[in-house]
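Note sheet for the following structure.
Every number in this text was worked out from the coordinates using simple rules, so none of it is lab data. None of these values were measured; they are calculated from a predicted model. Here the Cβ positions follow ideal geometry from the backbone for every residue, glycine too, while neighbour counts run over all protein chains shown.
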Amino acid sequence: IIFQESANIIDLAGIYYILSHKHTNSINLNERILSVGLSWGFYESLATNFFPFLIGGKSLEFSLKYIYRSISANTFLFSNLSKTCLLFMWMKNTSGKTKINAVNSLLVYFTFILPLVNRIILINEESFRSDIFIQLLFEFALTFILSIITKFIFSSQLNVSHEHKNATYSDDEIYQVNKDLKKKDKKKKKN
């Protein structure tokens with residue numbers, strides 16, 4: 001199980017590649033993080049939950065494992081959005097030692113600990129046990145709270161970068177410059 005879950009580093013590498021790709025730099029920062037996080041979460045959910053549900057959902061007997069998996073899928077949607085935010089802050093070298101430690105520990109939680117705990121909880125997903133349901137709801141609530149903490153760290157990082165933008169450009173300014181350059185290129189092509 002641990003070896004399978006250690007492959008989650010591929011998630012981080014994929015999100016890192018998409019965030020650092022040239023074409024995503026022309027999109028507003030908030031839209032970029034939202035689109036990368038949601039699309040990554042959607043495709044992960046499609047691969048891990050939809051196909052087993054499609055195959056098992058056609059059978060005559062209903063199992064609670066589909067309810068468990070839907071709660072788990074929603075948990076991982078918040079996790080993917082938070083991972084995207086945290087990875088972006090990590091790429092931009094978050095200022096402050098406490099913020100760096102918080103970003104790194106939250107990245108470890110969302111990348112390694114959450115999937116491992118979820119896999120351990122769902123080992124007995126075939127049986128109806130109320131403790132599985134309670135553990136999944138607790139895991140969802142904890143992930144939701146940590147996602148809100150991630151949002152606050154991200155917002156404070158943006159506020160700090162806007163205060164110090166005399167020396168550097170913010171991502172929104174780069175977006176506007178790229179937009180203006182595209183307009184100039186279109187005018188040149190028309191002439």
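Summary table
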{"quantity": "Burial ordering of Trp90, Trp40, fewest other beta-carbon atoms within 10 Å first", "calculated": "Trp90, Trp40"}
{"quantity": "Ranked list, fewest to most other Cβ atoms within 10 Å of each Cβ, for Asp131, Asp11", "calculated": "Asp131, Asp11"}
{"quantity": "Mean Cβ neighbour count within 10 Å, used as a protection proxy, ranking 65-71, 47-53 highest first", "calculated": "65-71, 47-53"}
{"quantity": "FRET efficiency estimate (nearest 0.05) - Cβ-Cβ, Leu34 to Ile149, R0 22 angstrom", "calculated": "0.80"}
{"quantity": "Residue order, fewest to most beta carbons within 10 Å, for Thr143, Thr84, Thr150, Thr98", "calculated": "Thr98, Thr143, Thr150, Thr84"}
